[in-house]
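Comments concern the structure below.
Any read-out appearing in this document is the output of simple, stated calculations on the displayed coordinates, not a laboratory observation. Everything numeric in this text was worked out from a predicted model, so none of it was measured. Note: ideal-geometry Cβ built from the backbone for every residue, glycine included; neighbour counts use all protein chains shown.
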Amino acid sequence: MIRLIRAEFLKLRTTQVWFWLLLATAGLSVLLVVGGIAPRDGVRTARQVPDLFASFAASGPGYILVFVLGVLGVTTEFRYQTITPTFLQTPSRWAVTTAKMITYAVLGVGYALVALIAQLAVALPWLSARNISVDFGNSQIQHAIIGGFGVIALFGIVGLGFGALVRNQIVAVVVGIIFLLIIENVLLAIPVVRKAWPFTPNGGVQAILHTTGTTEVVDGVHLLPLGGGIVVLLLWAFVPAIIGAAYSMNRDIT
Amino acid sequence: MTAVSAPAGRIVVDDLSKVFRGQVRAVDRLSFTVEPGSVTGFLGPNGAGKTTTLRMVLGLVRPTGGRATIGGSPYRHLGNPSRTVGAALESSSFHPARSARNHLRIMCTVAGIPLERADEVLRIVGLYEVGKRKVKGYSMGMRQRLALAAALLGDPAVLVLDEPANGLDPEGIRWLRGLLRRLASEGRTVLVSSHQLNEVQEVADRIVILNRGRLVRSGSIEELTAGTDRVVVTSPDVERLQAALADERADITRTGPNSLSVRGLTNQQVGHTAFRAGVELHELVAQRSDLEELFFALTSAPSDPQAPPPGGGPA
């Protein structure tokens, strides 16, 4: 398994996608900090700081970057048929899928770390100039940062599982993004159906990263408690990956 | 080099069938064996089911019926397959933006082989100088060589190569023949598919011919061509000649108003029989059947393993 994981990292390192997505991650993180502090209604008190540090993981574009990375991690192999040598060397679909899940979860942590460093680099000098102190001993800031790492790591697996399920690169990326960015929000606008929203990936993310304020998202829709959010996101991460490994990845490779 | 005991490297295809969803039988109750220390040519026209068969042997396609084993085990149960079986299936299984060397290094990492082996196999296939270039700049022939390099990576006792000569220039084909011979002489099992007989005719010890998913013939080239030599004989009194030859238990085909095609007798025997019967001969020609003709005849006719070898068809 260690060899398989090392090989997955080598696969990634020998192409360029990881770099551009990492650059996008750093850029987006900086933008989110600027957008969080600069406006008139931006961060003005220490109580608003936790949400600032959760902003990358809590924003659709943020977790979608890592989702796409995970989707590409498996669909690129089908697109270029490198899945043939992959399965020739490792006939067990479970072993291949598990190695990829571990790899992309670790990658997610790495991306979250880069996002955090980019945010701190911009936010700390700016906030101190405004005399807003950032106390890393504060439990809400810790919650925001650790929760952010967890969310992004899990989204690496969400993407990977979805890719394993769908196999087709373009379909997986397009359908995934449309679902995460548009359909989830449309869901929230429809009465009755909106009750399902807390169980969507974004619903899970917001439940995990929620530190302050009300749990009511819109009329009658409340966030799940922290534990519930974790379970929701774990299901979105592992159910597609397991179905993908058992059925989709097991189809004939022709 | 790896010493191979006979059963360890033997490929056994046993009553293998594959029906793709909504399609005809791609492979239909196919059985054959490939022995170590030999090159076996796996022949058939395009669409005969060769690739599907090889992919079932390699665990990529699930058989509808029957089974395929390598050294007694199904491919999926081999521990670290790269060390046992090297496969080159198609020349397009590479990420275009990745270099050949990196492609091989990834495979080394999976198999637990030292990374230096990537450069070694690149040298064997003549790609070392261009190994750091991205694969998208490679020609078809270079991709074939890279696929071969990947197959050789784990120094495997069994090699399964699907149309490895495609895209190679004549020089490359000659090189490939030498390589296959050397690999077989080292005791390895080499199974190489082709839709062109001349590609494998000179290198293969044994041949398995497939058509429409079914086994047509298998055996050594000598076995396959034995008994297919014919004598063409022309006479104004062809009926009497036919009767005389029938007494000699020859296999006779009437090919024209004055001509017969005779199998099972030499031209001396045919001439002698005619002389004794007092039949005038206008022509007496021995025709050596060549494998090409046999291949066309076997694969163009509806496949039936019980059918007699081709006689006097229009060749």
Within the range A:91-99, is there a residue that is touching a residue at least 40 places away in the same chain (Cβ under 8 Å), among the charged types (D, E, K, R) and outside any helix (DSSP H, G or I)? no
Counted residues in the range A:12-26 being free of Cβ contacts under 8 Å to residues at least 12 places away in the same chain, in a helix (DSSP H, G or I) and either at the interface with chain B (Cβ under 9 Å from one of its Cβ atoms) or hydroxyl-bearing (Ser, Thr, Tyr) (or both) come to 1
Check off (1) in a helix (DSSP H, G or I); (2) within 14 Å of another protein chain (Cβ to nearest Cβ) for A:Val66 and give me the number that stays unchecked. (2)
The one condition B:Ala118 fails out of (1) under 25 Å from B:Val39 (Cβ atoms); (2) small (Gly, Ala, Ser); (3) touching a Cys at 6+ places or on another chain (Cβ under 6 Å) is (1)
Going through (1) crowded, with 20+ Cβ neighbours inside 10 Å; (2) over 21 Å from B:Thr84 (Cα atoms); (3) away from chain A (no Cβ under 14 Å) one by one, B:Arg143 fails only at (3)
Considering the range B:86-102 alone, what residues qualify as being more than 7 Å from chain A (Cβ to nearest Cβ), under 28 Å from B:Arg62 (Cβ atoms) and in contact with a Leu (Cβ under 7 Å, 6 or more places away or on another chain)? B:Gly86, B:Ala88
Where A:Ile183 falls short, out of the listed (1) buried (at least 19 other Cβ atoms within 10 Å of the Cβ); (2) more than 14 Å from the chain's Cα centre (by Cα); (3) in a helix (DSSP H, G or I): (1)
Right, A:Leu32: hydrophobic (A, V, I, L, M, F, W, C) and either in contact (Cβ under 8 Å) with a residue 60 or more places away in the chain or outside any helix (DSSP H, G or I) (or both) or not? yes
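Which one of these is within 14 Å of chain A (Cβ to nearest Cβ), aliphatic (A, V, I, L, M) and farther than 23 Å from B:Leu176 by Cα: B:Val121, B:Val135, B:Val19?
Being within 14 Å of chain A (Cβ to nearest Cβ), aliphatic (A, V, I, L, M) and farther than 23 Å from B:Leu176 by Cα holds for just one of B:Val121, B:Val135, B:Val19, which is B:Val19.
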If A:Val231 meets every condition in (1) part of a helix (DSSP H, G or I); (2) under 22 Å from A:Lys100 (Cβ atoms); (3) not basic (Lys, Arg) apart from one, which number is that one? (2)
More than 15 Å from A:Thr84 (Cβ to Cβ), touching a residue at least 60 places away in the same chain (Cβ under 8 Å) and basic (Lys, Arg) - does that describe any residue in the range B:109-122? no
Going through the range B:216-259 in order, the residues found to be of a type in the set (Gly, Ala, Ser) and either over 30 Å from B:Asp15 (Cβ atoms) or in contact (Cβ under 8 Å) with a residue 24 or more places away in the chain (or both) are B:Ser218, B:Gly227, B:Ser235, B:Ala243, B:Ala244, B:Ala246, B:Ala250, B:Gly256, B:Ser259
Name the single residue, out of those in the range A:220-254 being under 20 Å from A:Leu160 (Cβ atoms) and of a type in the set (S, T, N, Q), that is nearest to the other protein chains (Cβ to nearest Cβ). A:Asn250
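Being in contact (Cβ under 8 Å) with a residue 40 or more places away in the chain and either at positive phi or of a type in the set (D, E, K, R) (or both) narrows it down to one residue among B:Gly72, B:Gly86, B:Gly65; which is it?
B:Gly72
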Conditions first: (1) in a helix (DSSP H, G or I); (2) more than 20 Å from the chain's Cα centre (by Cα). A:Arg40 passes all but one, so which condition is the exception? (1)
